[in-house]
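Laboratory data are not the source of any read-out in this text; all were calculated from the coordinates shown. As the structure is a prediction and not an experimental result, all values here were calculated from the model. Cβ placement follows ideal geometry from the backbone for every residue including glycine, while neighbour counts extend to all protein chains displayed.
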Amino acid sequence: MNDWDINYAHAYIMEKAKSIKSINPVAIALHLMLSPEIRMHGPEHHFLSGASLCAAWCNAQKLDALPFLEKLLPRCTLIPPAVCGYYGVCGNTMAIGATVSVMLGITYLSGEEWGLVGSITARAQKKIAGMPGPRCCKRTTMAALYAATDAIRELLGIPLERPKSILCRFSCKNEQCIKKACIFHKEHIEEECNNHSW
């Protein structure tokens, strides 16, 4: 992928997210991440996470996703690469916050809703922070969306779905894969499914 361009990746994500019919953000993200437009690691995952959540949310509420996706893209584009290591918060977490903000129309001047964005993003970041590094954009995408889906169902009553467990399809492509330390790795998934309360 020598000619890779983040704008092509964003265009691909936008095109798929506006037309997909699932209410499962994790399933949407997994589908998108299988494309050659999406690298193993990279800031395209920020919009991918947000767009997956946005599309599922719109489908659950029978809304046209395109206007929300168009508002979300510039926000996700502003999230710096490698922010997880340099600032201590994953870009996928920030994308979840941007999505909640866009979907609910929350700004820095909002009242009670202002704290809602922080509550949902805190859950996403906590799920991500529960595993060691180095970074894995696939792992953090899945973890952030798992946590956000649960938080949005609980706090907002939006009927999003998520799989009970998933088996990572990307570990063989990740030179820094943390193997069993990842809750999505094949060596860990059976034990995790039996013992972990999602």
222 nm mean residue ellipticity, helices alone, for the chain (DSSP H n ≥ 4; -39,500 (n - 2.57); rounded to 500): -18500 deg cm²/dmol
If you build a Gaussian network model of the chain, linking Cα atoms that sit under 10 Å apart, which residue out of 48, 104, 66 swings the most? 104
Please give the charge dipole size of segment 99-146, origin at the Cα centre, charges +1 on K and R Cβ atoms and -1 on D and E Cβ atoms. Round to the nearest 20 debye. 420 debye
Could you work out how far apart the two model spin labels at residue 122 and residue 156 are, taking each label as a point 7 Å from the Cα in the direction of the beta carbon, and quote it in nm? 1.8 nm
Here, residue 64 and residue 78, labelled 7 Å along Cα→Cβ, have an inter-label distance in nm of 2.5 nm
Size of electric dipole in segment 6-165: Cβ of Lys, Arg +1 and of Asp, Glu -1, about Cα centre, debye, nearest 20: 420 debye
Residue 7 versus residue 40, label points 7 Å from Cα toward the beta carbon: distance in nm? 2.8 nm
Distance between the C-alpha centers of segment 47-66 and segment 68-93? Whole Å please. 17 Å
Under the Karplus relation 6.51 cos²θ - 1.76 cosθ + 1.60, θ = phi - 60°, what is the ordered set of whole-Hz ³J(HN,Hα) values for segment 85-94, x standing for Gly and Pro? x, 9, 10, x, 9, 5, x, 5, 4, 4
Any residue on another chain or 5+ positions along whose placed amide H is under 5 Å from the amide H of residue 161 is listed here as 24
Bins of 10 Å, starting at 0 and running to the largest distance - Cα pair percent for the chain: 9, 39, 38, 13, 1
Net length gained if the chain between residue 109 and residue 164 were fully extended (0.36 nm per residue, minus Cα distance): 16.1 nm
